[in-house]
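Below is one structure, written out as structure tokens; the observations come after it.
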Amino acid sequence: MQARFPKKSAAIRLQRWLLQILPGVSLTAGLAFLAILMRSHLGLNFFSSLTWAILLGMLLRNTVGVAQVYQPGITFCLKRILKLGIILLGMQLNLTQAISIGAPGLFVAVTSVVSTFFFTCWIGQRLKVSKKLTQLIAGGTSICGAAAVVAVGTAIDSSEEDTAYAVALVTVFGAASMLIYPLLPALLDLTPQAYGLWCGASIHEVVQAIAAAFETNPLSGEVATIAKLSRVMLLAPITLLLGLSSVDRTAGKSRKLPIPWFVLGFIVLILINSLNFIPETLRIAIVDFNQFLLTTALAAMGLATNIQCIKLLGLKPIYLGTMSWLFISLVSLGLIKLLY
């Protein structure tokens, strides 16, 4: 009889924990559902569901406020659901697809990401923008928008305010590209393939790049999708490097290396997906479910964000985001003109 007590005690603790997180998880999931509904059924598709979720969370937090009873669930979504969402992003990526755009296309995509990331970090240092906020803007601009911002933020342990600011910046500039790019192929004398590569190599969000490319030509959309996903693959090495570089060595102190293990899960899923043994219907279901997980995590981030703290960050990050956006647009275009 006594052997059963530990099991019973563990079950009680689990039940109490679930009851603690339930209010916050329900709130964030509800906001995520509303964000997805706004984009898919209300025609508000100029922002991704991730952006709508963080905006809804910020609106609720900074108007009516968020009661303490919701905090455990919000924290759970920020710490656990977010990492699971980043891991499952690997199900969208396939090494075979990346190779299919050829060596020139991969060169454009990789060079655009790496050069933009380091350029943004360099400019951020000169503008005296905080290192963590600079890295968030650099990751979001160079890799894949909001998803990259939250992945980098998790690796470097950034504040919710910094993350929310960076998400807002990369979303706005990505939306600008999505609206402007379709007007330019004829003016810039870009073939459908070259235009699709430009969209995929330079527009911030995956959905924004694909939307801008398909606006002009189906071939452009296909090329943009592959080029963009090739950029997303660089999320893993860059996030790992940022995690390792954030080790505190000041005053002779040392601590455990902050390796973002969730990125390793992301890499494993890319490799598994590249083997093509997962049924396509199951893969699509996982991708769709993961979109909901990430949207829920972003809603939680909005609920944890204080707009007054964002105001204190000032205008310099906006200048940084602008220069980073122009840099990746022009560098990728220059490379395409040179190679195609």
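The values are calculated or read from the model by the stated rules, or taken from the named source; none is laboratory data. Here the structure is a predicted model, which is why all the values come from computation and not from measurement. Accessible surface areas use protein heavy atoms only, side chains included; no ligands, DNA or RNA. Shrake-Rupley method; radii C 1.70, N 1.55, O 1.52, S 1.80 Å.
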Whole-number D in µm²/s for segment 35-110 (Stokes-Einstein; Kirkwood sum over Cα pairs; 37 °C, 0.692 mPa s): 208
Over the chain, the sum of -39500 (n - 2.57) across DSSP H runs of at least four, divided by residue number and rounded to 500 deg cm²/dmol, gives at 222 nm -24000 deg cm²/dmol
Residue by residue through segment 173-187, which ³J(HN,Hα) values in whole Hz follow from phi under the Karplus form 6.51 cos²θ - 1.76 cosθ + 1.60 (θ = phi - 60°), with glycine and proline marked x? 5, x, 5, 4, 4, 4, 7, 7, 3, x, 7, 10, x, 5, 4
Hey, what's the chain come to in accessible area per residue, 1.4 Å probe, Å²? 48
Per GNM of the chain with C-alpha springs under 10 angstrom, the most fluctuating residue out of Thr120, Thr134, Thr63 is Thr63
What is the diffusion coefficient of segment 136-234 in µm²/s, taking the Kirkwood radius over Cα pairs and the Stokes-Einstein relation at 37 °C with a viscosity of 0.692 mPa s? 246
If you average 1/r over all unlike Cα pairs in segment 102-141 and invert the result, what Kirkwood radius do you get in angstrom? 10.6
How much of the accessible area of segment 47-147, in percent, comes from carbon and sulfur atoms when a 1.4 Å probe is used? 68
Can you list the HN-Hα couplings for segment 120-125, worked out from phi with the Karplus curve (6.51, -1.76, 1.60; θ = phi - 60°), rounded to whole Hz and with x for Gly and Pro? 5, 4, 5, 5, x, 5
Hydrodynamic radius by Kirkwood, which averages 1/r over all alpha carbon pairs of segment 257-340, in angstrom: 17.5
When a/c is below 1.5 the answer is rounded, else prolate if a/b is larger than b/c, else oblate, so apply that to the chain with a ≥ b ≥ c taken from the square roots of the Cα gyration tensor eigenvalues. prolate
